[in-house]
1. If each of GLU90 and LYS52 carries a label point 7 Å out from its Cα toward its Cβ, how far apart are those two points in nm?
2. Grab the other residues whose beta carbon is less than 12 angstrom from that of GLU14, score K and R as +1, D and E as -1, and report the net.
3. Count of lysine pairs in the chain with Cα atoms under 20 Å apart, counting only pairs 8 or more residues apart in sequence or on different chains?
4. With Cβ to Cβ distances under 15 Å as the rule, what net charge do the other residues near SER94 carry (K, R +1; D, E -1)?
5. Mind checking the angle between helix 66-95 and the chain's longest principal axis? C-alpha axes, 0 to 90 degrees, to the nearest 10.
6. Return the label of the correct value of semi-axes √(5λ) of the Cα gyration tensor in Å, as calculated from the structure shown, out of (i) 64, 21, 8; (ii) 21, 15, 13; (iii) 17, 16, 13.
7. Add -39500 (n - 2.57) for each DSSP H run of 4 or more in the chain, then divide by its residues: what number comes out at 222 nm, to the nearest 500 deg cm²/dmol?
8. Could you report the chain's accessible area per residue, 1.4 Å probe, as an integer in Å²?
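The values are calculated or read from the model by the stated rules, or taken from the named source; none is laboratory data. Just so it is clear, the model here is predicted, and its values are computed rather than measured. Don't worry about glycine lacking a Cβ; one is built from the backbone with ideal geometry, like all the others, and counts go over all protein chains shown. In case anyone asks, the SASA skips ligands and DNA or RNA and just uses the protein heavy atoms, side chains included. Shrake-Rupley method; radii C 1.70, N 1.55, O 1.52, S 1.80 Å.
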Amino acid sequence: MSDFTEKWGQKIGEFVNDIGKKTEDTIEVQKIKAEIRSLNRGNNRDYIDIGKTIMEKYQNGEVIDGDMGVLCEAIAARNELIKEHEEEIEKIKSES
C-alpha cells in the first residue's frame, strides 16, 4: 500500500507541476500579447500622425504625388460634404 501511496503522491506532484508550468506559460504569453497590443497602438498613433502631416502639407498647397494625393483629395471632398451636412443641420435647427 505504501508503494501505491508513493506513486499516487508522485503523480499528484507531477500534475501540480504541470499545472504550474502551464499557468506560467499562459501568464508569459499574455504579457507578450499585451506588449504586442501596446506596440500596435504606438504604430497606429504614428500612422495617424503621418496621415495628418501629409494632409496638412496638402492643405498648405504642397504638391502631394501619387496615391497620397488621391487620398488627400478624397479626404478633402469628404470634409467638404461634412461641412455641407453640418450647415444643413444648422439650417434645419434654425427653422424650427
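1. 2.4 nm
2. Values: positive: LYS7, LYS11, LYS21; negative: ASP18.
Net charge in that neighbourhood comes out at +2.
3. 9
4. Values: positive: LYS91, LYS93; negative: GLU86, GLU87, GLU88, GLU90, GLU95.
Here the count lands on -3.
5. Helix 66-95 sits roughly 70 degrees off the main axis of the chain.
6. (i)
7. Working: 2 runs with 88 residues, N = 96.
After summing the helix terms and dividing by residue count, I get -34000 deg cm²/dmol.
8. Details: 8640 Å² over 96 residues.
I get 90 Å² per residue for this part.
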